[in-house]
Amino acid sequence: MRIVLWLLGIPAVLLVLAVLLVPLFLDEKALVDIAAERIKAQSGAILTVSGDTSLSLFPKVALAARDVSLELPDSQTQVVAKSLSAGVALMPLFRSSVEVDSIKIDGLTLTTEAADEEAAKAVAIDTATLSNSELDEFYALRSKARTQAQSEAAASVLAVPLALEVGEVSLSNIRVITVDSQGKPISELQLRQLTASDLNLDGRPVPLTIDIIIPSGNEAPPMEIALAGEFRTDLNAETLSLDSLNVRITGATADPLTLGLSGKVALDTQIADLSLQLQTGKLKGSGTVRYASFESPQIDANLALTELNPALLVLAGPEATADVANSPEASGDDMPLPLHALRMVDTRAKLQIDTVVLDVHELTDVSATLRVVDGVATLDPVSAQVHGGDIGFKAVFNGRYNLATLTTKGGVTGLNVAQAVSAMELGMQARGTANLEWSLTGTGKSSNSLSQSLTGPISFTTQDITLAGIAMEKMFCQGVALVNQDSLSAEFPADTRFDALEAQIQLADGVATLNPLTAQLPAVGLSGKGTLNLESQDLRASFRAQLSAALGELDPACRINERYADLRWPVECKGNLAGDPASWCGVNTTEIVKDLAEGELKRKATDEAGKLFKKLLQRD
């Protein structure tokens, strides 16, 4: 802000001198010399004009100069402009009144050396290249830079008095470059065009348009920001009011992002309280945002959104956005985690989101509280609807270091199983409701490695579950009929309805271990354990089934004989969740026949031993 005021202050000094111009008929060189003396006396800055100058008196008093440079007294900032011109209305000069008609600056390059070089480099650096110890240093330097900037802010904002009325201000082809002590660029911003008309400090609306380019630093396209709107300035209250400001940002996200802003900006504390409207692609949103340059959180938002989109990182500034906009293409579906973007954000937000897509699952009516600082994102709490059920959870994503960590705990109640199975595009069909509870942790550098590393328990219970295409009661009856040496004659339902289906699941190394896995059918009870490979979706499970006499009511051939009423019938399941569920499981009748044979031999041996013992007693 201080440098911007200096840029406008140079022509202002020239224009004040123009009051003396008409009666004294000074030439343009004399006017420039006087202006240079006045500027140096008031500020210590050195003004140099190396190129041609021109002066006109009608229809307005105008001074133009080329190859203008200004060296500020701090010796860390240099300003070089190809051309500078200023003009005042002629007639008011005879009333000893200065009405500035225009100020125009073109081809200006402002180069400033970072006041705290290490802190400036810390802000500009790509954190993805740093080690863990260097990341700790980065966070410390950034905090130091914020503290130092806060202490200097109030003094610098109004360091140059600006009491002038200007009909038009035009800045074009402006480059602002921050360098280190060796002159090596740290950051750059290009102001392609800025125009403002009726510039005043009396609270009248000032129309404004700005066109900014932020280079990406690599071969990727730059980010472009176009602003258009009106603002009003109250110098006494040190505030700037945005009546309406429309912003269009391209190059940061896949689709252009448009923002509508209104509110107030405190110039001394650099705090903006704004109302916000945004849109990009299918994303629309509205709410309030508070920007506080020197506080934590720097961004405090309350937003209602139609969906969650990485484009929201634009609200955190270009440093956060660049990591998403310029991230390299990942192999397959495995995307690198946006750790650098996360580290550049200091945000607190309350979010209401219509839709959030997590992998293949769609969450609706999402309510979330978010805090992000120094690479750590905390979601606590989150509530939403998912597949007809209620989900609530909390999660902490720690991207402070290069190996990110995720911890999450929560649950789902009343999940519509049919909707969930359909979303996952499994080969099976199922209906009913389910409840889940989980407590998981994981680490990784990419989305796949993080999900594959998740470890922890999951509790799974169901109500009224039906599996289509799996006739488990028929499968057991076939096994019993085989042992009974009989044939089935009844018609069996093609689906299986469970009275209960539950599992305790342990995730580790990309495998879900189900132990115990229990199920209850009207005539069959199952207990066992199994594994599910989360990547390949291969399922393996072994059960022992307890058959009841009610099984014989389905078909006479599957009547339960008292000889094997207490046997645990072995069931082996093997298949893929994308395959045909009818082929997954089978009853091991060979093992049952073997058990029955062994049991019969034991019974006969016991009977023979009993008869022999009875004979011995009779002899006695």
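The values are calculated or read from the model by the stated rules, or taken from the named source; none is laboratory data. All of these numbers come straight from a predicted model, not from anything done at the bench. Using ideal geometry, Cβ is built from the backbone for each residue, glycine included, and neighbour counts are taken over all protein chains shown.
Summary of values
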read-out	value
Matching residues, segment 363-379, being under 17 Å from Phe393 (Cβ atoms) and in contact with a Ser or Thr (Cβ under 6 Å, 6 or more places away or on another chain)	Thr364, Ser367, Arg371
Ala252 within 22 Å of the chain's Cα centre (by Cα) and modelled with pLDDT under 90	yes
Strands (runs of 3 or more DSSP E) within segment 376-447 that include 2 or more residues touching a Gly at 6+ places or on another chain (Cβ under 7 Å), touching a residue at least 24 places away in the same chain (Cβ under 8 Å) and surrounded by fewer than 17 Cβ atoms within 10 Å (Cβ to Cβ)	404-416, 429-444
Strands (runs of 3 or more DSSP E) completely within segment 220-311 that count 2 or more residues being small (Gly, Ala, Ser) and closer than 16 Å to Ile210 by Cβ	223-234
Selected residue (criterion: farthest from Gly251 (Cα to Cα)) from residues of segment 193-240 that are hydrophobic (A, V, I, L, M, F, W, C) and loosely packed, with under 15 Cβ neighbours inside 10 Å	Ala237
Strands (runs of 3 or more DSSP E) within segment 47-131 that include 1 or more residues within 30 Å of Arg146 (Cβ to Cβ) and either at pLDDT 75 or above or in contact with an Asp or Glu (Cβ under 8 Å, 6 or more places away or on another chain) (or both)	60-71, 77-89, 100-113
In segment 173-195, the residues that are among the basic types (Lys, Arg) and either closer than 17 Å to Val80 by Cα or assigned to a strand (DSSP E or B) (or both)	Arg175, Arg192
Close pairs (6 angstrom Cβ cut-off, 6 or more residues apart or separate chains): in contact (Cβ under 8 Å) with a residue 24 or more places away in the chain and more than 12 Å from Pro457 (Cα to Cα) in segment 508-520, assigned to a strand (DSSP E or B) and charged (D, E, K, R) anywhere	Leu517/Lys529
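Residue-wise test of (1) more than 30 Å from Pro493 (Cα to Cα); (2) under 24 Å from the mean Cα position of the chain (by Cα); (3) of a type in the set (Ser, Thr, Tyr).
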{"residue": "Phe393", "(1), (2), (3)": "yes, yes, no"}
{"residue": "Gly414", "(1), (2), (3)": "no, no, no"}
{"residue": "Val421", "(1), (2), (3)": "no, no, no"}
{"residue": "Glu425", "(1), (2), (3)": "no, no, no"}
{"residue": "Glu437", "(1), (2), (3)": "yes, no, no"}
{"residue": "Ser447", "(1), (2), (3)": "yes, yes, yes"}
{"residue": "Thr461", "(1), (2), (3)": "no, no, yes"}
{"residue": "Ile465", "(1), (2), (3)": "no, no, no"}
{"residue": "Ile470", "(1), (2), (3)": "no, no, no"}
